Amino acid sequence: MSTTKTYEPSISRTEGRPLAGGEREYMIDVRTQDMEVNMGPQHPATHGVMRVLVRADGELITGAQPHLGYLHRCAEKIGESVEWLQYLPYTDRYDYLAAMNNNLGYSMAVEKLMGIEIPRRAMMLRTLCAELNRIGSHLIAIGTYGLDIGAFTPFLYMFREREWMMALFEKICGARLTYSYIRIGGVFNDAPPGWLSEVEAFCDTFEVKWREYYDLLIQNHIFVKRTADIGVITREMALDFGLTGPMLRGSAIDWDLRRDTPYELYDEICKDKAFEIPLASGEKGTLGDCWDRAWVRAMEMMESIKIVRWCLDKIEPGPVIGDIPKTLRIPPGEAYVGIENPRGELGHYVVSDGGKIAVRCRVRGPSFVNLAVLEELMPGALLADTIAIIGSTDIVVGETDR
Amino acid sequence: MLTFDPAIGFSSAVLAVQSAESGLKDGFGTNAIQDFLVGVKPEYVPAWAVPLTAIGIAIGIVLAIVSVLAMFSTWLERKVSGHIQCRFGPMRVGWHGWLQPLADGVKLLLKEDMIPLGADRTLYVIAPALVLASLLGAMAAFPLTETFYFANFGLGIFMILALTSTTTIGVVMAGWSSNSKWSLYGAMREAAQVVAYEIPLGISLLVPIMVAGSFNLIEVSQGQGGGYGILNWNIWPWVNPFMLPAFVLFFVAILAETKRAPFDLPEAESELVAGFMTEYSGIRWSFFFMEEYAAMFLYCVVGSFFFFGGFESPVTSLAESVGGTNSLLHQLGAASTIVLKGFAGVFLMMWLRWTLPRVRIDQVMTMGYKYLTPLALVCVLGAGLWEAFIAPHLWWRS
Amino acid sequence: MGLFEKQFEDNVLTTNVDWLLNWCRLSSIWPMTFGLACCAIEMMAVGCAHHDIDRFGAGAFRASPRQADLMIVAGTVNFKMAERIKRLYDQMPSPKYAIAMGACATGGGPYYKYGYTVVKGVDRVVPVDVYIAGCPPRPEALLEGLMKLQEKIQASSVIRKPIHTV
Amino acid sequence: MNFQGIYDRIRSIQAPGVTGMDEPREPNPQDKKDKGRSGDPYVLVDPQRLPEFLECLRDDPSLKFELMADLTATDPSKEDGYLWINVQLLSLVRKHRLAVKCLLPKENAVMPSSVSVHRGAQWAERECSEMYGITFEGHPDPRNILLPEDWIGHPLRKDYEFPEEYHGISCK
């Protein structure tokens, strides 16, 4: 591709910009010719194949422009080309770190059009799996964040627990990463005998290990120094860009779809006060900085454990899937369902004309929306901070590009 | 492949000059190799050939030591990182993967020799050679025992510091000539970082130098003798209470000097791809790699000479009492002591590498200039006052 | 190797030298840190504690293509990325190898029919040595792919004349 | 607030551009062909006045739709002459949602950009414009976002034909 466009940085000069750290005055005085650096698409810290065109004055970033589309896989076109049930495996693959949540979002959107009831045990299993997957997703999010900051080992520790979690999912649905377990009308099959007690064992171990990660990485002094006061998202900015999920709670905006627009069993869970929504308080620096977002993710893992325990406590035998025909014909209409993905609001907007195939299957990927804020956060940061900022948005490129 | 690489030639030249210099100073008398050669020299060999042969052998030994050190260190690094991370590390290539460095080395040697199109070819080729050569030169000042060394300088530590800091020139050359922005970033960071940390490194070393009253590594080690080989180490607070903070400063500074985490900014993998060596491949890249590990070992050895007794340890004193001073047993004890102490330091550096996140460039600079340098000065002042007014009255220091 | 490459007939010396050189190459296959999509997560899992690709000497993931020997194409390749993959492959010094990990990299996978931007197999862009099936393949499958690659390297000739002239 | 309440409020504050609404309904038992309509209710808005409408809803104290969750388009069928623009609004304070729909003629798919109201619309509009060929007037950065710069056609249009080859790589 030789079509080069003239590049306009978000802000031309860095004067008049409030200093973030208080320790960078001498970097500001140094002026050199601006240099354009291409971060990605093959770069160890872009979490896949995103590309950020960075304009830098030495180490200081004066402008940044994310370029997407290196993993565009036409998920929405496929959604309008294959049958309703056939599309389910594709939902696994846009946010491959939280495939259960994607399955859940799509199934709920289709179920909303169909207007059917889900068996209670299926809802329990759905909630349980979605929350377990949230833990797995946050483990990778924090682990790779540590990796970006330079801490290699916590990443491997977190993968150890994730490996266990994957083994649990493998037992229940046969796949490690792309589950397709949550189906339209329920779940694919019942949990194998003894599975629930294994989940309980996982929870017990995880609570111990979580403390370890928290002390080793989140509270690590260097980690705090690297992430606090960096990439501050204010409340107005968060709303303006439509951020959701931990990005929003990292700016202390009290919003969680599980509590505020309850779906599945979250209504009951909230009534039992089984979990809380962790809100950042700007403990280590400015409110809404990278550390706050990482902290919110870390705390959410423990809240997910609480929800899993609630489900384990309340689960009862029963059917796990309703009477769903192999070839679905969905009543005409359109529905939008947003659920709380580990990264934010995962929206599925489906349109049916009464046929076997969807008219439109829109996926509102939280990563895609959250990433847009990058252009705004980058100018004024140092080169090393760009990595911290990209990491703190916790994107999955499969979802930004779909 | 197998093109002429000036590294060996260049480093040989550096070594030759140094060895000749030290030989001249000491009147060709103190080098163990030379003593040996004088003993076995046949009549018809002219006398001037002896130092030249000794220099040649010394160069060979230093090269061998550096390569073996680097290879062993890479293996150690992979095993240490593996075990820290609940893995095994290399297991299949030889017993517990001990042949891994050999396989890596041969593979790197056989890789395509690649020079990027836009690179400055001359600088690009010279840079890794310069980096390795300056380190090889510094290694020559490392005495293996009290009587077995290649170059015994009166100002040994200055020699080591001066030569190791010239690696920066090589790194900057590498970064500049690669014609890659990541390389340039890495090189600039290296330059800034090394310049900032040379100061606290040198100043913190002044504390043990003051106590020992010498710049010579062997003399510093001898000054810590006695006390069962352990009680007179400089690091103990009863020798000088400012020694421990000075050592901490020294250790932080050598972490930065050797580009190890948390100061591995010049090659920060998640930020700068591979930093100044992004564009290097094959054997040229392995020169940088060897330099890093050899520098780690060298600095740790320097640290153990100045803070942890050098050759002195209970083992050495035992060997000395059993075999007699400068007996073979004593020399073996001294050599193994210093190598083990060196690797203990290397292990500590690896441990930190796999535990800590990386700091940011402005934090590195702040720490170097604003905290380490003043603290090092305070240490020197305190240690000097202690040495001048208190140490003379301590019975164990007399 | 330049001067000596593929110059000699088979004899005890050359076959043994070949064996040694091939053993060195296959014992230290350094992959490039190059994840594209879902398979990249499984590739990361291979590097981590449970599966530990470092046991085979292949754990030194290098971020720069200049220092890598193996490109694991882990995930879907689309047209926008294909040119980059080609360039990255060209940047690697030979001998270099490529593994197509997963259905997408092998032949487009689930995106074959309706994926308008998806390249139907990375072998349309770079030569591939080993194909691994699965969507995504299990870590064990990637380990087996690595072993297959090792077998392939062991059978190649370095200083001997090649048996099959390609 | 439920949909009826929101709609009443929209009517009472005379939000600009509102042309109607649609709610799900049961199928008519008398008419076999009528399958009814399921899903969400939505408000129909004139696409040329969408930014004003969004601004009005964002600033209204009792609606407070301050977060635009999604902006996308839909091509209902090949024969249909209109594209749909679908906007999902969310109010964090009032905890309610609203679906907004605009009908945009395919022949002249030009509408004003909403970036001045919600900056989050920027990337969503870029995606719509490359996928459906909609021109958003006043968009600050109207480049392709997911597709390559020189891509031909708008893939999510129902009449899109898959390319034969791209830069020498066969697509079949």
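Surface composition of the stretch A:348-391: carbon and sulfur atoms hold 43% of the protein heavy-atom accessible area at a 1.4 Å probe.
Between the residues B:ALA253, B:GLY333, B:ILE390, the greatest Cα displacement towards the positive end of the dipole of chain B, with unit charges on the Cβ of Lys, Arg, Asp and Glu, is found for B:ALA253.
Taking only C-alpha pairs under 8 Å that are 6+ residues apart, what is the relative contact order of the stretch A:273-316 in percent?
41
Between B and C, roughly 2800 Å² of accessible area is buried in total, ligands, DNA and RNA not counted and the probe set to 1.4 Å.
Taking 0.36 nm per residue of sequence separation and removing the Cα-Cα distance, the B:THR122/B:LEU318 pair yields an extension gain of 65.2 nm. In terms of the Cα gyration tensor, with a ≥ b ≥ c the square roots of its eigenvalues, is the stretch A:219-335 rounded because a/c is under 1.5, prolate because a/b exceeds b/c, or oblate? It is prolate, given that a/c is not under 1.5 and a/b is the larger ratio.
Computed over protein heavy atoms with a 1.4 Å probe, the accessible surface of the stretch A:74-379 works out to 28 Å² per residue. For chain B, the square roots a ≥ b ≥ c of the C-alpha gyration tensor eigenvalues yield an a/c of 1.5 or more together with a/b not exceeding b/c, which makes the shape oblate. Compared with the dominant Cα axis of chain D, that is its longest principal axis, helix D:121-132 is turned about 50°. For the residue pairs A:LYS356/D:LYS172; C:LYS86/C:LYS113; C:LYS80/C:LYS120; A:LYS77/D:LYS78, the C-alpha atoms sit more than 20 angstrom apart in A:LYS356/D:LYS172; C:LYS86/C:LYS113. Accessible area ranking (1.4 Å probe, heavy atoms, ligands and nucleic acids excluded), largest first, for A:GLU200, B:GLU279: A:GLU200, B:GLU279.
Kindly identify the stretch D:1-147 as rounded, prolate or oblate by the Cα gyration tensor criterion: order the square roots of the eigenvalues as a ≥ b ≥ c, call it rounded if a/c is under 1.5, otherwise compare a/b with b/c, prolate if a/b is larger, else oblate. Verdict is oblate for the stretch D:1-147. What distance in nm separates the simple spin-label points at D:ASP150 and C:ASN11, each placed 7 Å from Cα in the Cβ direction? The answer from the label model is 5.5 nm.
Of all complete DSSP H helices in chain B, those with a Cα span along the helix axis of 24 Å or greater and a mean Kyte-Doolittle hydropathy of 1.6 or more are B:121-139. Here A:ASP272 and C:GLN154 are evaluated by their C-beta separation; at R0 = 51 Å the FRET efficiency comes out at 0.25.
Between the amide H of A:ARG183 and those of A:PHE188, distances stay under 5 Å, these residues lying 5 or more places away or on another chain, with hydrogens modeled in the peptide plane.
A dipole drawn for the protein assembly as shown from +1 and -1 charges on Cβ atoms has a positive end, and of B:PHE153, B:ASN232, A:ALA122 the residue lying farthest that way is A:ALA122. Charging the Cβ of each Asp and Glu at -1 and of each Lys and Arg at +1, and nothing else, the dipole of chain D about its Cα centre rounds to 720 debye. In chain A, Cα pairs under 8 Å separated by at least six residues give a relative contact order of 25 percent. Mind checking which lysines have their C-alpha under 18 Å from A:LYS225, skipping anything on the same chain fewer than 8 residues away? Of all the lysines, those that pass the test against A:LYS225 - Cα under 18 Å, at least 8 places apart if same chain - are A:LYS284, B:LYS370.
Is there a quick way to get the dipole size of the stretch B:6-397? I mean about its Cα centre, with the Cβ of Lys and Arg at +1 and of Asp and Glu at -1; what is the value in debye to the nearest 20? Kindly include the intermediate steps, with their values, before the conclusion.
Values: 20 positive and 25 negative charges, 153 e Å.
Here the size comes out at about 740 debye.
The angle between the Cα long axis of helix A:153-173 and the longest principal axis of the Cα atoms of chain A comes to about 20 degrees, rounded to the nearest 10. Rolling a 1.4 Å probe over the protein heavy atoms gives the stretch D:31-172 an accessible area of 39 Å² per residue.
When both the stretch A:335-351 and the stretch D:4-64 are represented by their alpha-carbon centers, they are found 20 Å apart. Look at the stretch D:146-159: the mean tally of other chain Cβ atoms within 10 Å of its residues' Cβ atoms is 5.
Give the interface area between chains D and A as buried accessible surface, both sides summed, probe 1.4 Å, in Å² to the nearest 100.
It comes to approximately 4200 Å² buried between D and A.
Reported to the nearest whole Å, the Cα centre-to-centre distance from the stretch B:194-221 to the stretch D:95-129 is 68.
Simple point charges give the picture: +1 on the Cβ of Lys and Arg, -1 on the Cβ of Asp and Glu, and for the protein assembly as shown a dipole about the Cα centre of about 1240 debye.
Partner shielding of D:62-70 amounts to 5, given as the average count of beta-carbon atoms from other chains within 10 Å of each residue beta-carbon. The ellipsoid that matches the Cα gyration tensor of the stretch C:1-69 has semi-axes, each √(5λ) in whole angstrom, of 32, 14, 9, with the longest given first. Take the alpha carbon atoms of the stretch A:148-172, find their center, do the same for the stretch C:92-166, and report the distance between the two centers in whole angstrom. If we compute the Cα centre of each part, the gap is 26 Å.
For the stretch B:6-397, the solvent-accessible area works out to 37 Å² per residue, with a probe of 1.4 Å and every protein chain left in place. Label zone of A:SER197 (point 7 Å out along Cα→Cβ, amide N under 14 Å): in the stretch A:152-187 this covers no residue at all. Put simply, the amide H of A:GLY282, placed in the peptide plane, has neighbours under 5 Å in A:GLY288, leaving out anything fewer than 5 places away on its chain.
In deg cm²/dmol, rounded to 500, what helix-only [θ] at 222 nm does the protein assembly as shown give when every DSSP H run of at least 4 residues adds -39500 (n - 2.57) and the total is split over its residues? Walk me through the numbers on the way to the answer.
Numbers: 41 runs with 530 residues, N = 1138.
After summing the helix terms and dividing by the residues of the protein assembly as shown, the value is -14500 deg cm²/dmol.
Tell me which of B:ALA295, B:ALA268, B:CYS379 sits at the most positive position along the dipole axis of the stretch B:265-398, charges placed on C-beta atoms (Lys, Arg +1; Asp, Glu -1). Positive-most Cα among the choices belongs to B:CYS379.
Relative to the longest principal axis of the Cα atoms of chain D, the long axis of helix D:3-12 makes an angle of roughly 80 degrees.
The values are calculated or read from the model by the stated rules, or taken from the named source; none is laboratory data. Treat the numbers as computed from the prediction; the structure is a model and nothing was measured. Note: ideal-geometry Cβ built from the backbone for every residue, glycine included; neighbour counts use all protein chains shown. Just so you know, the surface numbers come from the protein's heavy atoms only, side chains and all, with ligands and any DNA or RNA stripped out. Shrake-Rupley method; radii C 1.70, N 1.55, O 1.52, S 1.80 Å.
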